[in-house]
Number of protein chains: 4
Amino acid sequence: VVRIGIVGGTGYTGSELLRLLVTHPRVEVGVITSRGDAGQRVTDALPMLRGRCDDLTFEDPDRAALDGCDLVFFATPNGTAMQHAPALLDAGVRVVDLAADFRIKDIALWERWYGMPHAAPGLVDEAVYGLPELNRAAIRGARLVANPGCYPTAVTLGLLPLLEGGLVDPARVIADGKSGVSGAGRKANAGLLMAEVGESFKAYSVAGHRHEPEIEETLRLATGQQVGLTFVPHLVPMVRGIEATLYAALREPASDLHERYVARYAGEPFVDVMPAELPVETRSVRGTNVCRLAVLEPQGKGTVVVQAVIDNLVKGAAGQAVQNMNLMLGFAETEGLGSVALVP
Amino acid sequence: VVRIGIVGGTGYTGSELLRLLVTHPRVEVGVITSRGDAGQRVTDALPMLRGRCDDLTFEDPDRAALDGCDLVFFATPNGTAMQHAPALLDAGVRVVDLAADFRIKDIALWERWYGMPHAAPGLVDEAVYGLPELNRAAIRGARLVANPGCYPTAVTLGLLPLLEGGLVDPARVIADGKSGVSGAGRKANAGLLMAEVGESFKAYSVAGHRHEPEIEETLRLATGQQVGLTFVPHLVPMVRGIEATLYAALREPASDLHERYVARYAGEPFVDVMPAELPVETRSVRGTNVCRLAVLEPQGKGTVVVQAVIDNLVKGAAGQAVQNMNLMLGFAETEGLGSVALVP
Amino acid sequence: VVRIGIVGGTGYTGSELLRLLVTHPRVEVGVITSRGDAGQRVTDALPMLRGRCDDLTFEDPDRAALDGCDLVFFATPNGTAMQHAPALLDAGVRVVDLAADFRIKDIALWERWYGMPHAAPGLVDEAVYGLPELNRAAIRGARLVANPGCYPTAVTLGLLPLLEGGLVDPARVIADGKSGVSGAGRKANAGLLMAEVGESFKAYSVAGHRHEPEIEETLRLATGQQVGLTFVPHLVPMVRGIEATLYAALREPASDLHERYVARYAGEPFVDVMPAELPVETRSVRGTNVCRLAVLEPQGKGTVVVQAVIDNLVKGAAGQAVQNMNLMLGFAETEGLGSVALVP
Amino acid sequence: VVRIGIVGGTGYTGSELLRLLVTHPRVEVGVITSRGDAGQRVTDALPMLRGRCDDLTFEDPDRAALDGCDLVFFATPNGTAMQHAPALLDAGVRVVDLAADFRIKDIALWERWYGMPHAAPGLVDEAVYGLPELNRAAIRGARLVANPGCYPTAVTLGLLPLLEGGLVDPARVIADGKSGVSGAGRKANAGLLMAEVGESFKAYSVAGHRHEPEIEETLRLATGQQVGLTFVPHLVPMVRGIEATLYAALREPASDLHERYVARYAGEPFVDVMPAELPVETRSVRGTNVCRLAVLEPQGKGTVVVQAVIDNLVKGAAGQAVQNMNLMLGFAETEGLGSVALVP
C-alpha cells in the first residue's frame, strides 16, 4: 500500500481528500498535519469520519515525517507548498499542490496577483498543470503537479474545444462563474457567515480575480492564442458546486458544436457532454469528480453559450488531485472516484 | 380613498400587491379575486396578513364588481388581462397588467413567443410600458400600463445609460441573469420543489426566454439602435431577488462610466448607483422597490460590466406596479414604498 | 449476479435505491418501473446517473417481468405493494416495501391511519419490520420485509436503550422530529415549492402523524411496555436529513446513560453513539446509512435528552432497504453501503 | 423629535434597530457607536441603508455624546451595558439593554451563567423585564429596561397562559427551540460559516443554555410556581426566525385551550393566537414584531403542545426594544412597527 501525506487537514480541501482517500483501495493516509489542531484526533475535529480513520491524529507540520510518504498533498493556503516542495522532491516524494503556487508559469505575473515573491521559482517550469484532459501524459511522469483552481477547471474544460478548434474570437471571451460558499474555505470570516450570504446573491472580485490570469495562461499555452477573458465570479447561497456560463463570438456559423465537444472529450472518464435539452445543474455532480457540459448557439445569433458544472471540492480540488495521484502512481485513473452524485 | 381591485390574489405577485397596499395610505383594496379560492377569507390563505385585512374575501373573477374600482391590477397568467382589459377601460377603470400581455408592441413577435393569438391587439399601441425611469410622463397619463418583466427591469435599467450614450456595440450584448425561485410563481410544479432546486444552481431556457424579445424591443424603442442580446437566465437557491451581470464591448475607453450612471439616474427615487467597491447584493433590496447598480470596466480590457439587483417581486413586479399606480393616480411616486431592505 | 427489481423508480426513494445499487458489487438492477415515465431512458429522467446505467429504461409496471427478479423493492405510494406482493411471493420473489403497507401489525389501526382497507391482511403477520438493530435474525430469513419509516427509524433507535432498560416512564415520551424536504417526496405540491418552505420553519401534522402509531407499536412489541408518545414533526429548509430530539422522564438518576447506549449498539455497523460533547448534526450522515446518537441528562433535572440523526433517504429509506436486502440475500450487511458522509 | 442613541451599531440587533428607527415618525437616531468602525459612514458598512441615513457616522463609544440622548439602546455583548448604564441613568437618559445584563434578578445565578461579576448589582432590582405582555405598566414608568432574550420571548409567551391558569404540571416542562443563524450574531466564527451550517440541522448547548434560567425565573416571578424547564435549542439553516415547540402535562382534560389563549392575549397588538389548523411558520412573522401561537392537545393524550414563532431580530430583539421604547416615551405602542411580514 502506498503511503500518503496531507499537509493542512482541517480545511475543506484537506477533509475532502480524507473523504476520498479513506475508501481508496490502493493508498493509506500515513500522515496528516494541522498546525492549529496538532495532537487532536482527526475524528474529533471531523466527526463524519468516525469509524473510518479513528487512529489518525493531526501532527504538527514542522515535525511530521512527510519525507516518509510516497506522495504528499498540500491543502494549504497559497505560499506554503513552495516553501516545502523542494526538500520533499529531493527526498523522492511526489507532490501535488492544491493551492496556486505552481499554477502560473509566468513568475512575474504570479507574484503580481499573489502579492509575494515566489520561493521556488526553479520548480515552476517543471511543475505540470494538473488538468488531465489537457496534460495527461505529462502528469503521468510528473514529480510535482499544480492542481488547477476550481473556476479554472470548469472554465478551461468549457472553452477548450472552442479555442482548440479556432471556432471563436479569442479576444473577447466572457466567463460568468458562480460558486457555492465552500469555495471560500473554512476560515473564520464574518463575510461568509450564513446570515451574511444565505438568501442572497452577488458578484465579487469584479475588478479582477486570481483565476483569470490562470485561465488565460492555460488557454494560451494550450492553443497558441492570446485569450482576452473577462471573468466575473458570483457567490451562490449553497454549499457545494460551481457553474460557469461561457460566452464567445463564433467566427462563422457552426451546426456541429455538440458533436465537436463529444469528440473532444470521447473516452474522458470525468467529462460528460450533455445534450442541450437536459439541465446542467450543479447537484448532478455533487460529491463526484465529473464535469458536465453543454454547448449551444441560442437562436443563431452568433454567440455560443457553454454551460459547465463541477463540484468545486472534487473535480475543482480534492477529486482532481486524487485523479492526478492515480496517474502519477500508475493506478487506474478512476480508482477511488466512482461514487454517484448525491441527488437530491 | 381610492378603490383598488386585484385579479389573481393568491399568486406571489398578487399577495405581494396586498402586502404593499394594506399599508398604502391612499388606497383600499375593494375587490380581490381568485378562481380557486373564491369564498375563502384572504387571511386563511395568506396568514401573514392576519390583522391587516380580516374582512377581505376572495371573489370569483367572473362575478366580482371590478368595474366599480378606480384601478385594477392583473396578477394573472399571461393571456388573461387581454381578455378583460377592454371592458374595464370602457368602464373608466385604469388597468395595470403585471403579466406580459401588453409589453411587446410587435404583435406578431408577441404571438410567436407566447404561443397564442392576441385578444386585444387594438390596445397594444396605447399601452404604456411601465418602467418609470424610461416612461414616467406617459405613465402619468395612461389608462393601461404594461408592467415590465422582472429580468427586463433589471437588465434594462442596467443597460440604458450605456446604450443611450452610444458607449457600446449594441450588436453583441450579454445578460447573465440569476433569479430566486419565487420568480417562477406559486403553481404546483415538481421541478420547483425545494428538494429539486435547493442546494443546486443551473441555467434554464438557454435556447431562448420570453424576456429577451421584451428587452430587445424596449432598448430599441428607447435608443433607436437594434440591440442583439444574448440572455441566459439561471435559478438561484433562494426565494427572492434577481441579479443581472451585463457585458458589452466599449466603443472607446471610458473613464467616467460611474459618473454617467449617476447622472442618468439623478433624482430617481428607486435607482441607486453604487460605487464599484461596495457589494451589489440582492439582499440589499429585499422587500423594497429599489434597483441598485454598479458599473466598471475590469482591468481596462474594453468590456464593461454592469451589476444590477432588484427584488423580483417588488421592483420586478408588485412594487413597480404600485409605483405606476402612484403615477397614474397622481400620488407621490414613493407613497407606500418606503420600507427599508430586510438585512440580514 | 442477483437480479433486482424496483417498482416506482422516479420518486426519491426509487432514485436513491438506484444510486446505491448501481455501485453495489453483488446485484444488478434488471427491471425498473415507472407508470408516468414508461419507455423513457432512466438517465434522461435522472441525469446524475449518466454513465452508470445507460441501458436501463423505465417499464410499465403492469407489463414488467418482475417475477423474474430475485428481489423487488417497492418504492411506491402507500397501498401499492400490498396489491402486488402476494403474487410475487408466490413466484418466489423476495419483497421489500419501502412504504407503510406492512409496517403495523394491528390491521384495524393501520386502516384507520391510512384510510383504506388492507388488501393483503394475511401477509401482515409474516412481514418482518426491517430494523436490523431490532430484528436482524428475522430479516435474514424473511420473504417480506416492511422497511421502517424515516422518523420511526431515528426515534426507535434513539429510544430503544431507554425503554429496553426500563430507565424511563413509558407513559409520556416526547419526540420532536425535524426533516428535510425530500421526506415529502417528489410529487408536484405547491406547499413544498422552495418559495414556500425555503427560509422558514414550521411544525406540521401536530394533531397526529402516521409515524406515531408505527413507533408506539414497534416499541411496545420490542419492550412489552405500552408507550405513550407525543410526536411532533417539523419541516427544515434543507433537502436531506432527519434530526429527532427525544425527551423522557428518568425513573431514577442514571450516570451511565452513554455507556448503556454504547453497549446496546456495540458491533452495530450503522449506529454511532457519540460523546455528548460532539455535535450531532444531520450533515455528518449525509448520503450514508449511519444513525448517530447522543444521550445526556441536562443539569440533573431528571429528563433524559437523546439526539438522533439519519439521512432520511438512506438509513431512513433506501439505504436501510439495501441493508435489509443484504441480510435477506446472505451478503455482508455493509455491502454497497460504505460511502463517507458528504461534509460540507 | 426625540433623540436616540445606539451603542453597538454593526451587529445584527444594532442594524435592525436602525432599520426600524429610520422610518419611525417620532424619533431620530442622533448617535450611533461602533468601536471597530468608528469614523466610517453607516451606509458604507450597511449599504441597505443608503438613502436613509447618509449623514450618520459611527462614533467611538468612549467619546460619543450619549448623555445628550433621551434614550440609549445597548446592542452590545453581554457585560457592556452594566458598565455604562449607571452614568447614563444619572444623566437622566433612559436605557434599554438588548443584552442579558439586567434580565435575571438573582445576581448569583446570573454570575454563574455569564461567568463574570455583575458591575451594577444595585440596578438589577430596578430594571424592568421588557416583555410588554407581562410587564406593560412597569415598562411605562421604567428608566431601565432589560429586553428579553429571543428564545425567552417565544417560550414565555407560549407558556404563560398554561402556567398562569394552573393547567399544567410546572415541574416538567419541555421547550424545543429552533433558531435561524442570525441569532448567533455577526462575529467571525468558523462554526457559523454557511458551509458549516447550511443544509444541516443540529441541537446545540444541550447540556445547558443561558436562556433556560432566564425563562425559569420569569415564569416563577410571573406565576409563583417553581418551573422545571428542559430547554434544547437547535440551529436551522435559515437566516431569521425562531420556532419553539412546547410540551407540558395537562393536570386535567381541557377543551378550551384555544379560547384561554385568545382571552389571555385579547387586545395585545403583537400576539396572534391562531387556530390550530393554520400553519405556524416563521416566515409569517418575518420582519415583524408579531408572535404567532397555536395550542392543542394532540389525540387527547394529556400532553399539551404549543407552537410559537417570532422573528428573532424583531420581537426577539430590536422590535421588542422599540415597543418598549414606545411605552417608555409615551408613544403609541405600535408606532414604527407596522410592517407586514415578508412572504414569501
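Just to confirm the numbers: B:Ala263, label point 7 angstrom along the Cα-Cβ line, distances to the other copies in nm, shortest first?
Shortest to longest, the spacings are 5.2, 7.2, 8.4 nm.
Where the centroid of each part is defined by its Cα atoms, how far is the range D:269-334 from the range A:245-309 in Å?
50 Å
By how many degrees, between 0 and 90 and to the nearest 10, does the Cα long axis of helix B:211-223 differ from the longest principal axis of chain B?
70 degrees
Using per-residue counts of other Cβ atoms within 10 Å, averaged over each peptide, order D:123-135, B:155-167 from highest down.
On the way: D:123-135: 20.2, B:155-167: 21.9.
Output ranking for D:123-135, B:155-167: B:155-167, D:123-135.
For the range C:199-344, taking Cα atoms only, what is the radius of gyration to one decimal and the Dmax to the nearest whole Å?
Considering the range C:199-344 through its Cα atoms, Rg and Dmax are 16.4, 47 Å.
Whose Cβ in chain B comes nearest the axis that rotates B onto A, and by how many Å?
Spelled out, residue of B and its Cβ distance from the axis onto A: B:Asp176, 2.
Between helix C:12-21 and chain C, what is the angle of the helix's C-alpha long axis to the longest principal axis, kept within 0 to 90° and rounded to the nearest 10?
With rounding to tens, the tilt is 80 degrees.
What's the Cα-based Rg to Rh of the protein assembly as shown, Rh via Kirkwood?
0.95
Shielding by partners for C:270-279, please: the mean number of other protein chain Cβ atoms within 10 Å of each residue's Cβ. Let's see the in-between values first.
On the way: counts 1, 0, 3, 0, 2, 2, 2, 3, 5, 9.
Counting Cβ atoms of other protein chains within 10 Å of each residue's Cβ and averaging gives 3.
Apply the Kirkwood formula to chain D: the hydrodynamic radius equals the inverse of the mean of 1/r over all pairs of different alpha-carbon atoms; give it in Å with one decimal. Intermediate values should be presented prior to the final figure.
Working: mean 1/r = 0.0489 Å⁻¹.
By the Kirkwood definition, the hydrodynamic radius is 20.5 Å.
Averaging over all projection directions, find the projected area of the Cα convex hull of the range A:1-120 and quote it in nm² with one decimal place.
Numbers: hull surface 30.1 nm².
About 7.5 nm², averaged over all directions.
With the contact rule set at Cα under 8 Å and sequence spacing of 6 or more, what percent relative contact order holds for the range C:149-226?
In percent, rounded to a whole number, it is 53.
Could you size up the charge dipole of the range A:149-242 around its Cα centre, putting +1 on the beta carbon of Lys and Arg and -1 on that of Asp and Glu, and report it in debye to the nearest 20?
300 debye
Can you give me the accessible area per residue for the range C:218-262, using a 1.4 Å probe, in Å²?
Numbers: 1580 Å² over 45 residues.
Spelled out: the 1.4 Å probe surface of the range C:218-262, per residue, equals 35 Å².
With Cβ to Cβ distances under 14 Å as the rule, what net charge do the other residues near A:Asp101 carry (K, R +1; D, E -1)? Don't skip to the answer; put the middle values down first.
Values: positive: A:Arg103, A:Lys105, A:Arg210; negative: A:Asp97, A:Asp106, A:Glu111, A:Asp125, A:Glu126, A:Glu214.
Charge balance near A:Asp101 sits at -3.
Residue by residue through C:13-25, how many Cβ atoms from other chains fall within 10 Å of the Cβ on average? Spell out each step's value before the answer.
Working: counts 0, 0, 2, 3, 0, 1, 5, 1, 1, 2, 3, 0, 0.
If you average over the peptide's residues, the count of other-chain Cβ atoms is 1.
Excluding same-chain residues fewer than 8 positions from C:Lys301, which lysines have a Cα within less than 26 Å of its Cα?
C:Lys178, D:Lys105, D:Lys178, D:Lys202, D:Lys301
Count the net charge of all other residues whose Cβ sits under 15 Å from the Cβ of D:Arg112, scoring Lys and Arg as +1 and Asp and Glu as -1.
-4
Long-range amide H contacts for C:Gly165: which residues qualify at under 5 Å (H placed 1.01 Å from N, peptide plane, sequence gap of 5 or more or a different chain)?
It is none; the list stays empty.
Measuring label to label, 7 Å along Cα→Cβ, what does C:Gly228 give against each other copy in nm, shortest first?
Here the equivalent label points are 1.6, 7.7, 7.9 nm apart from this one.
Using a simple spin-label model with points 7 Å from Cα along the Cα→Cβ vector, what separation in nm is obtained for B:Ser205 and D:Arg63?
5.4 nm
Between the range A:92-112 and the range B:1-21, what's the alpha-carbon centroid distance in Å?
Each part reduced to its Cα centre gives a spacing of 58 Å.
At 7 angstrom along the Cα-to-beta-carbon line, where would the label on B:Ala137 sit relative to the other copies? Give the distances in nm, shortest first.
Sorted ascending, the copy-to-copy spacings read 6.5, 7.0, 9.3 nm.
What ranking do D:310-322, C:239-251 get when scored by the average of other Cβ atoms within 10 Å per residue, highest first?
Numbers: D:310-322: 29.2, C:239-251: 24.5.
Highest mean packing first, the order is D:310-322, C:239-251.
Got a number for carbon plus sulfur as a percent of the range A:228-305's accessible area, 1.4 Å probe? Mind showing how you got there, number by number?
On the way: 1170 of 2270 Å².
For the range A:228-305, the apolar C and S fraction of the accessible surface comes to 51 percent.
Within 10 Å of each Cβ of B:182-190, how many other protein chain Cβ atoms are there on average? Write down the numbers at each step before the final one.
On the way: counts 7, 1, 3, 3, 6, 3, 7, 4, 8.
Going residue by residue through B:182-190 and averaging, the value is 5.
Would you calculate a helix-derived [θ] at 222 nm for chain C, using -39,500 (n - 2.57) for each DSSP H run of n ≥ 4 and dividing by the full residue count, to the nearest 500?
On the way: 11 runs with 95 residues, N = 344.
Value at 222 nm, helices only: -7500 deg cm²/dmol.
If you put +1 on each Lys and Arg Cβ and -1 on each Asp and Glu Cβ, how big is the dipole of the range C:28-178 around its Cα centre, in Debye rounded to 20?
Details: 14 positive and 21 negative charges, 70 e Å.
Charge dipole of the range C:28-178: 340 debye, to the nearest 20.
Apply the a/c threshold of 1.5 to the C-alpha gyration tensor of the range D:115-247 and tell me whether it is rounded, prolate or oblate. Show your work: numbers first, answer last.
Values: a/c = 2.01, a/b = 1.35, b/c = 1.48.
It comes out oblate by the Cα gyration axes.
Angle check, please: helix B:319-328 long axis (alpha carbons) against the longest principal axis of chain B (alpha carbons), in degrees 0 to 90, nearest 10.
Between helix and principal axis, roughly 70 degrees.
Is there a quick way to get the dipole size of the range D:270-344? I mean about its Cα centre, with the Cβ of Lys and Arg at +1 and of Asp and Glu at -1; what is the value in debye to the nearest 20?
On the way: 5 positive and 7 negative charges, 34 e Å.
I would put it at about 160 debye.
The values are calculated or read from the model by the stated rules, or taken from the named source; none is laboratory data. For clarity, every value in this text was computed on a predicted model and none was experimentally measured. Neighbour counts are summed over all protein chains in view; Cβ atoms, including those assigned to glycine, are modelled from backbone coordinates with ideal geometry. Just the protein is used for accessible areas: all its heavy atoms, side chains included, with ligands, DNA and RNA removed. Shrake-Rupley method; radii C 1.70, N 1.55, O 1.52, S 1.80 Å.
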